[in-house]
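Following: one structure in structure tokens, then a few remarks.
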Amino acid sequence: MTIDVVTTEIVRNLFLSAADDMLATLVRSAFQPLIYENGDAAVALLDRNADVLGQSSGLPLFLGSLDESVKEAVRLRGPGWLQDGDIVFFNDPYIQGTHLNDVTMFAPLYLEGELAGYVAARADITDIGGRDPGGGTETTEVYQEGVRFGPVKIGTKTGPVDDIIDIIRRNSRSKDMIVGDINAMIAACRTGQRRMLEILTRFGLKTIEACRDEIFRQSALADRQVVAAIPDGTYRGKGYLDNDGIVLDQPVPIAIKIVVEGERLVVDLSDSPDATKGPINCGRAQTIAAMRVAYKMLLAPERSFDGGCFRNIEIVTRPGSLHDAVEPAACGWYYSSFGLLIDLFISALADVLPERATAAQFGDSMITYFVGQDRRDPRNTAMCVEAHAGGWGASASTDGADGVINVLNGSFRNTPVEALEERLPVTVTEYAIRRGSGGAGRQKGGCGIIRRYRFDAPTQLYLWLDRSLTPGWGLMGGEAGLPPRVEIAGSVNRSDLLKVNGLQLAEGDSLAIMTGGGGGFGKAV
């Protein structure tokens, strides 16, 4: 069946609009600020093969792996398991690639009794049990990080599966909050089903599949043309994470090899180290997502991701390694290496694509989270997670951006001061650009941020910052940005800690988070 360009573009944008409606339902219905304030979520519409038809804005790392996760879950359960009206729930890091706090839901869509596609959503629900609130920073096995679910049905055509929801609630410190987030995800899936059914009913399945084939053809052609313009060759990059969170005096090497042959590009991560003792390991699905983000950022940012993308891209991983973790590897901070990997991908190709390349960004998500008495109800414990912005790398034509969230997190927003102070006995005393932290160059690297806190009652502190060994480096003679820094003063006085697990702070103590800057581009004049 042939299809005209007008119908194809209408259908393409209807898919994107439907995904936006799904995300709006999720974000506006969620109970925890990590979702409704920060936007730690993503959704997608998939065809019957679980290839992407349309995605919302959201975390690029989630968007790049929803399809892979659904495909693996369907494969594991086998044919005949799914029924009309079902909603599937799972958080297994070796299926979805992320940590246990991220949960994936998807629902099949049937048209006249025939499978027509899926809708999928993922969100970070903050705490799903485990040794420490939110999973902690010192886990060495996945069993310490929370309750782990393979694909199970959390909804059917008769309604939610209360037994599964009760298990989740009983094992979470967030209790009713987590149930609210789960219901928001269920509502998002139902919204996606309704919108997708409207599109299918309006145009018919045959027309929709013809449009899909044309959309995928265009994306695949665009990718082949982009790769064909890169000179054939082997390109390499290497950097270091500070440590794995457990063995603090041992840097973790991260190496990438890119092979370009005609229209084909291979990203080879087989030299990744074995799975580490600490929780920086990740499942293969998220490694694929990180490399998709790197590819789109450098080579094909103009076109949204769909099932036609990346067909000429191969990603090689080694099972049992840090980037293809297997049970029981700890995965609580699975994304730690991804900012570095993306920077290495870009810098490896910088010499042959100088007009596209950027110097390295500040890299890590720079996480702090606090656990303390809930200001709204002293009988309860509150928790708030923050990912901090930093400086981005400069390019040949522009300075790096100041105070922007790292590339992994995409549209993730900073935590409003009011949202933090409303819940926890914490006061933000300063929030500013860290002037002078960007690398010097013809084009300057972006600056990081400073965020200072005062604690008004005893509070537990958790930190995960990295990239002090490989801060945002420069390109073409540009200089590196400053690394991150943390200062704690009061009952504890430290300026050498970047990773902390449940440090007890007292009333009157203070904390300063200073994130890194991006690298400069070209020699400073």
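Readers should treat all values here as calculations from the given coordinates under stated rules, not as data from a laboratory. Keep in mind the model is a prediction, meaning the values are calculated, not measured. Cβ placement follows ideal geometry from the backbone for every residue including glycine, while neighbour counts extend to all protein chains displayed.
Ranked by the mean number of other Cβ atoms within 10 Å per residue, highest first, peptides 77-86, 328-337, 5-14 order as 328-337, 5-14, 77-86.
Just need the Rg to Rh number for region 358-525, please, alpha carbons only, Kirkwood Rh. Could you put the intermediate results ahead of the total?
On the way: Rg = 16.7 Å, Rh = 16.1 Å.
Rounded to two decimals, Rg over Rh is 1.04.
Computing Cα Rg over 2.2 N^0.38 Å for the structure here picks out one of (1) 2.77; (2) 0.95; (3) 1.24, namely (2). Once you've got the Cα coordinates, tell me which of LYS499/LYS523; LYS175/LYS499; LYS153/LYS238; LYS71/LYS444; LYS71/LYS499 are over 32 Å apart. Check vs 32 Å cut-off fails for LYS499/LYS523; LYS153/LYS238; LYS71/LYS444; LYS71/LYS499.
Counting only aspartates and glutamates at least 8 places from LYS206 when in the same chain, those with an alpha carbon closer than 20 Å to its own are ASP4, GLU9, ASP47, ASP51, GLU112, GLU114, GLU198, GLU214, ASP306.
In this structure the amide hydrogen of PHE310, modeled in the peptide plane, comes within under 5 Å of no amide hydrogen from residues 5 or more places off or on another chain.
Peptides 176-183, 461-468 ranked from most to least packed give 461-468, 176-183, packing being the mean of other C-beta atoms within 10 angstrom over each peptide's residues.
From its DSSP helices (H runs of at least four residues, each -39,500 (n - 2.57)), the chain gives a residue-normalised ellipticity at 222 nm of -8500 deg cm²/dmol. Simple rule: put +1 on each Lys or Arg Cβ and -1 on each Asp or Glu Cβ in region 358-525, find the dipole, and look at SER365, GLY490, LEU511; the Cα lying farthest toward the positive end is SER365. Amide H to amide H, with H built 1.01 Å from N, ILE154 comes under 5 Å of ILE87, VAL88, PHE89, counting only residues 5 or more places away or on other chains.
Screening the chain for whole DSSP H helices of 27 Å or more along their axis (Cα) with average Kyte-Doolittle hydropathy at least -0.5 returns 5-29, 176-203, 205-228.
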